[in-house]
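**Q** There's a structure below that I have some questions on.
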Amino acid sequence: VLMFSISVTKSQPKRPIIIIFVHFTLKTSTQHSQSRNNNIMCRFRSQKSTRRSCPRKPRRSIASPRLIISKPRFFALFASIAFLSTVGSENGRIDSRPPRAPPYHSLGGFLSGFYREAIAAANVEKPLLTADQLDAYARDGYVVVSGLLDASELAGLVDAGEDLIDDSLEKGNLKTGNFQVHEFAPMHMDERFRDVAIRSELPTAAAELLGLDGRTQNLRVLRDVFLAKGAESTSSCGWHIDDQLFWPTSYKLPKSSSSSKEAMVDNSSLNAWIALDDMPHGGSMAVSPASHVNEFDWRHDALEALNFNDRFENGVSKDELVDLIKAGRVDSCGLEKIVPRVYDEIELSKREFDFKRGDVVFMNRWLFHRSTDLTERGMAALRAMEDGQSGRPALLKRYSLRYATGDSSLPGGFVTEMSVLASKDGSNLGRELDRVEGEWYPKVWPEVDADVEERLDDLVKNEVPIAKERLGAVMAEVMSLFRSR
């Protein structure tokens, strides 16, 4: 390396040869030890006395042959380059500050330059998703990805979901209707949900699907919810797009392109829906492929019926909400009742799935979707499971996450968003997520803040109780409006 460096000191185009060599050496020899050390530190976050922040888990890669380099040989190479990089360099240190004109006139300065580039190159990771998956998402508005969560993450989610079900049973809080258990923001209370929402591969996959640039953009958790559906389910949510209660951001309606029947769609957010049980017989979700971009004949009428229009893109005022309630127009799941013709047309494009536990469906914010009823076979399977559990209800579990870019804005108007209710004088109203006070929307990509766990714990302890108290008063007011319509 030393002899070759001298020969190319003034031939900068050849530097990539050395960079590739050092990148390959560093990458192959440190991958295992980095992964092991990071995983060990992450496993102890739940112990308050020894709790430490840790970086995102290293990317799991597809199995491939590895070059094994002995530790003595690696450390000899590393020490040699580090020593030579201090000779003739400005301060003998590699840091993130932009250097002055690279001192390529000296050997040490040259090595300092290519060493810095080699380290940067070694940190570049391969894309998580394939080109086919990215194309499918852009074309259809959704993509199903299997194996994205590792075994421990998936097992943690399943156990956390069962704990929420047990808690609802103990308190007698099992609901009727579409879902028997419906828990918003479980990541606030349980680190098993938090680990998947923040530190799994989900944020990276979401960023790739949205085509984000980590140099100028970031991604945040906008909303998370745990849902469980069983044989006692008495209804389902029809074709819809999530309203601002479930998707609390301002929006821009998809606009038709002048050259085609496709729409220009806002790609600042998406939904990651995770199956926590096998769901081969209904009880899960269906989508209308390409309904996020294609100008189907029914699309405009469906959006208007669900109150998605330019007038409400930044939220609704209290008076507007009263008018909508009196007109019977506040029902995100009621498209079949409001415009049955449109509902039937969407139904013709329906795509259903036989989900396996751990499957993740990424969906564009503007994709029409609906929940599905259990089939007779699915109902019989759940009844059999209940008999084997001494009558304990058998529920199909799922965990849903909304990810949004940091420059997305909360809506204005009359809201039930807890981050707004908890803020002084509602100061978070209409703010970009990056500027919201409090750790309501933690950043998850391109990096995770080192103190995110501590800040979330502080939020749960000091701000969530205030928001819940105020939310109770707001919801009581909303319900009175419904009763008086």
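One line per residue, one yes/no per condition, for (1) part of a helix (DSSP H, G or I); (2) touching a strand residue (DSSP E or B) at 6+ places or on another chain (Cβ under 8 Å):
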| position | (1), (2) |
| --- | --- |
| 143 | no, yes |
| 159 | yes, no |
| 179 | no, yes |
| 187 | yes, yes |
| 194 | yes, no |
| 228 | no, yes |
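**Q** Against the definition (surrounded by 15 or more Cβ atoms within 10 Å (Cβ to Cβ) and either modelled with pLDDT of 95 or more or part of a helix (DSSP H, G or I) (or both)), how does residue 468 come out, yes or no? Can you show your working first?
**A** Details: surrounded by 15 or more Cβ atoms within 10 Å (Cβ to Cβ): no; either modelled with pLDDT of 95 or more or part of a helix (DSSP H, G or I) (or both): yes.
When the stated conditions are applied, residue 468 does not pass them.
**Q** Right, another one. Going through the range 406-424 one residue at a time, which ones are open to solvent by less than 40 Å² (accessible area, probe 1.4 Å) and assigned to a loop (DSSP other than H, G, I, E, B)? Walk me through how you get there before you give the answer.
**A** Keep residues of the range 406-424 that are open to solvent by less than 40 Å² (accessible area, probe 1.4 Å), which gives 406, 408-412, 415-417, 419-423.
Scanning the range 406-424 gives 406, 408, 410, 411, 412, 415, 416, 417, 423.
**Q** Report, by residue number, each residue of the range 307-332 that is touching a residue at least 12 places away in the same chain (Cβ under 8 Å) and either over 25 Å from residue 408 (Cα atoms) or in contact with a strand residue (DSSP E or B) (Cβ under 6 Å, 6 or more places away or on another chain) (or both).
**A** 322, 324, 325, 326, 328, 329, 332
**Q** Something else now. Of 460, 448, 415, 464, which residue is β-branched (Val, Ile, Thr) and out of contact with any helix residue (DSSP H, G or I) (no Cβ under 7 Å at 6 or more places or on another chain)? Show your work before the answer.
**A** Numbers: 460 fails: out of contact with any helix residue (DSSP H, G or I) (no Cβ under 7 Å at 6 or more places or on another chain); 448 fails: out of contact with any helix residue (DSSP H, G or I) (no Cβ under 7 Å at 6 or more places or on another chain); 464 fails: out of contact with any helix residue (DSSP H, G or I) (no Cβ under 7 Å at 6 or more places or on another chain).
Among 460, 448, 415, 464, only 415 is β-branched (Val, Ile, Thr) and out of contact with any helix residue (DSSP H, G or I) (no Cβ under 7 Å at 6 or more places or on another chain).
**Q** Among the residues of the range 209-222, is there at least one that is part of a helix (DSSP H, G or I) and either aliphatic (A, V, I, L, M) or crowded, with 22+ Cβ neighbours inside 10 Å (or both)? So that I can check it myself, show each step before the final result.
**A** Quick first cut of the range 209-222, residues part of a helix (DSSP H, G or I) only: 209-210.
Going one step further and asking which of them are either aliphatic (A, V, I, L, M) or crowded, with 22+ Cβ neighbours inside 10 Å (or both), we end up with 209-210.
Looking for residues that are part of a helix (DSSP H, G or I) and either aliphatic (A, V, I, L, M) or crowded, with 22+ Cβ neighbours inside 10 Å (or both), one finds at least one in the range 209-222, hence yes.
**Q** Please work out which residue is least open to solvent (accessible area, probe 1.4 Å), limiting yourself to the range 153-205 and to residues that are small (Gly, Ala, Ser) and within 22 Å of residue 462 (Cα to Cα).
**A** First pass over the range 153-205, keeping only residues small (Gly, Ala, Ser): 155-156, 160-161, 168, 172, 177, 185, 197, 200, 205.
So of that shortlist, the ones also within 22 Å of residue 462 (Cα to Cα) come out as 185, 197.
Details: 185: 27, 197: 0 Å².
Looking at residues that are small (Gly, Ala, Ser) and within 22 Å of residue 462 (Cα to Cα), I get 197.
**Q** Where the second residue is part of a helix (DSSP H, G or I) and crowded, with 22+ Cβ neighbours inside 10 Å and the first is in contact (Cβ under 8 Å) with a residue 40 or more places away in the chain and of a type in the set (Gly, Ala, Ser) and lies in the range 189-210, which pairs have Cβ atoms under 6 Å and are six or more apart or on separate chains?
**A** Pairs that qualify, where the first residue is in contact (Cβ under 8 Å) with a residue 40 or more places away in the chain and of a type in the set (Gly, Ala, Ser) and the partner is part of a helix (DSSP H, G or I) and crowded, with 22+ Cβ neighbours inside 10 Å, are 197/187.
**Q** Go over the candidates 289, 248 one by one and state the one that is at pLDDT 90 or above, open to solvent by 20 Å² or more (accessible area, probe 1.4 Å), closer than 19 Å to residue 363 by Cα and under 25 Å from the mean Cα position of the chain (by Cα). Can you show your working first?
**A** Numbers: 248 fails: open to solvent by 20 Å² or more (accessible area, probe 1.4 Å).
None of the others qualify; the one that does is 289.
**Q** If we only count helices (runs of 4 or more DSSP H) wholly inside the range 294-390, which ones have 2 or more residues that are aliphatic (A, V, I, L, M) and open to solvent by 20 Å² or more (accessible area, probe 1.4 Å)? Spell out how you get there, then give the answer.
**A** Working: elements: 299-305, 318-326, 335-338, 340-347, 376-387.
Answer list for the range 294-390: 318-326, 376-387.
**Q** Within the range 367-384, count every residue that is farther than 30 Å from residue 266 by Cα and either β-branched (Val, Ile, Thr) or modelled with pLDDT under 85 (or both).
**A** First, the residues of the range 367-384 that are farther than 30 Å from residue 266 by Cα: 373-384.
With either β-branched (Val, Ile, Thr) or modelled with pLDDT under 85 (or both) added as a condition, the list becomes 375.
Final tally of qualifying residues: 1.
**Q** A further question on this structure: Of everything in the range 435-454, what is part of a helix (DSSP H, G or I) and exposed (fewer than 15 other Cβ atoms within 10 Å of the Cβ)? Give them in sequence order. Working first, answer last.
**A** Of the range 435-454, the ones part of a helix (DSSP H, G or I) are 435, 452-454.
Correct list: 435, 454.
**Q** To continue, here is another question. Looking at 229, 255, 261, which one is modelled with pLDDT under 95, buried (at least 16 other Cβ atoms within 10 Å of the Cβ) and of a type outside the set (A, V, I, L, M)? Steps first, answer last, please.
**A** Values: 255 fails: buried (at least 16 other Cβ atoms within 10 Å of the Cβ); 261 fails: buried (at least 16 other Cβ atoms within 10 Å of the Cβ).
Selected residue: 229, the only one of 229, 255, 261 that is modelled with pLDDT under 95, buried (at least 16 other Cβ atoms within 10 Å of the Cβ) and of a type outside the set (A, V, I, L, M).
The values are calculated or read from the model by the stated rules, or taken from the named source; none is laboratory data. No experiment lies behind these values; they were computed from the predicted model shown. Cβ sites come from the backbone with ideal geometry, for glycine too, and all protein chains shown count toward neighbours. The accessibility values were calculated without ligands, DNA or RNA, using every heavy atom of the protein model including side chains. Shrake-Rupley method; radii C 1.70, N 1.55, O 1.52, S 1.80 Å.
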